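The values are calculated or read from the model by the stated rules, or taken from the named source; none is laboratory data. The structure displayed is predicted, hence computed values, not measured ones. In this analysis, Cβ positions are derived from the backbone assuming ideal geometry, glycine residues included, and neighbour counts consider all displayed protein chains. Areas reflect the complete protein model, heavy atoms only, side chains present, ligands, DNA and RNA absent. Shrake-Rupley method; radii C 1.70, N 1.55, O 1.52, S 1.80 Å.
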Amino acid sequence: MTLTEIFTVIGEPDADRTRKVRQLKDMGFAWADLESEAYWIDQVVGMDRTIYEELEQASKKLWLILDKTARYIHGKHDLYQLIGIPAILWDLIDLLPMPEEGVISRYARFDYAISPEGTIKMLELNADTPTGYVEASIATPWLCNLANVASMNGKMKDLVAAAWAIEQPDTVACVAYGSHLEDSGTIEALAKHSGLDLQLEDCLNLWVDDGILKNGQGRPIRRMFALYPKEWMAHDDGGEALAYAIEKGHLHLFNSVHSILLQSKGLQAAAWGLYELGVLFDGQERETIERYMLPTYNKPVFDGNFVSKSMFGREGGSVRMFDQSGQLEIEDQEAFDTSELFPVVYQRRTELSRVHTAAGELHLLVGMFMINGETGGLLGRAGGPITGNSSHFIPIGVLDPNEETNDHR
């Protein structure tokens, strides 16, 4: 057992990793090992319960603050441009009715940095196409149970079922379904947990015929959830046709097209700017912003160290870290750099806690899912200062003060 002030790394890897990898695969988590690389770390991180409770409350408050910011921006094309929304989506965002408060996105995930002293800072919100669902909803509860650590993720399946009962999709899709293990496994788990009878499709096989989205066999698709980032519609060959199908009412897409407002990291700059101007937010909201958000701008105005990243960067792509003198210190060179396609934001730099794991000392990024407008569960990822494609999954559970843990393997 290794201790930090906030996190406790519990257990040692099982000598028979192959057996557990096989068990996880049978449950739906088929990428615990990727080729020769171990993606899953066979240990559990215990989070102090007091910090978890604060994180949960912070997530609920930030969720409504960003919802309020998105509604403020809605309909203002100059602000769409400022936060990097592709012009192809502007009229669509204006035309479609805005979802009710708290459910602009029904499936999202916050990413947080939590310092060794317990300071919580939101890094970003993936409100459109977050992955990590299988790791959080299936693997984490099972692995925490083995280590006798309480998991907060048991309600994720029920929240998905509630959300999808409202949205009623007939189709679930991702790019390269059947060959991309993570995305395929994610939509399969979501479809299963929804309790609905759904068709699973590869986005690459879908096409639009006179405003009707169809699959490869010509079956019309009316209501769809897709792990397809909406900003891609500005660059993919079929993006304009897909937007047309939605605009004409032939296709209901969820998460809602409005989720791109939440997805843009530019929204964080907008929220911070409104906070500094003293408009829109009440006193409690201002306290939440000051405590849990990082100063974020459209220009590099910092004296000290900061981070730059694309408004639609994913998996660490486009992230660059600058030191106290403003010199580039670290950058992600593995994921695709979307700053070539979208504007960049600049955010005050904050540090992740480090945990001592069987894979070495790693930086811990803490994810909190927001499903159907509610906090859903924790996702742990451990890697370098920038959490990218090479990071590991490590389950996070919650420990009470002075709680004894047993590693049941």
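What's the number of the only condition in (1) crowded, with 19+ Cβ neighbours inside 10 Å; (2) within 19 Å of the chain's Cα centre (by Cα) that D337 fails to meet?
(1)
Considering the range 106-148 alone, what residues qualify as being β-branched (V, I, T), open to solvent by 10 Å² or more (accessible area, probe 1.4 Å) and over 16 Å from T350 (Cα atoms)?
T129, T131, I138
Quick check: is even one residue across the range 269-277 outside any helix (DSSP H, G or I), out of contact with any helix residue (DSSP H, G or I) (no Cβ under 9 Å at 6 or more places or on another chain) and over 30 Å from Q168 (Cα atoms)?
For the range 269-277, residues outside any helix (DSSP H, G or I), out of contact with any helix residue (DSSP H, G or I) (no Cβ under 9 Å at 6 or more places or on another chain) and over 30 Å from Q168 (Cα atoms): absent.
Please give the strands (runs of 3 or more DSSP E) falling wholly within the range 195-248 in which 1 or more residues are among the small types (G, A, S) and at pLDDT 95 or above.
The strands (runs of 3 or more DSSP E) meeting that bar are 223-227.
Can you go through L62, L55, L34 and tell me which one is aliphatic (A, V, I, L, M) and over 25 Å from I6 (Cα atoms)?
Residue meeting the stated conditions: L34.
Let me confirm something: among L204, L213, L242, L196, which residue is without any contact (Cβ under 8 Å) to a residue 40 or more places away in the chain, open to solvent by 70 Å² or more (accessible area, probe 1.4 Å) and of a type outside the set (D, E, K, R)?
L204
Name the pairs: first residue in the range 53-75 and more than 18 Å from N153 (Cβ to Cβ) and surrounded by 15 or more Cβ atoms within 10 Å (Cβ to Cβ), second residue of a type in the set (D, E) and modelled with pLDDT of 95 or more, Cβ to Cβ under 7 Å, at least 6 apart or on different chains?
I65/E285; D67/E101
Taking the options E285, E329, E290, name whichever one is over 25 Å from A70 (Cα atoms) and either of a type in the set (D, E) or open to solvent by less than 50 Å² (accessible area, probe 1.4 Å) (or both).
After applying the criteria, what remains is E329.
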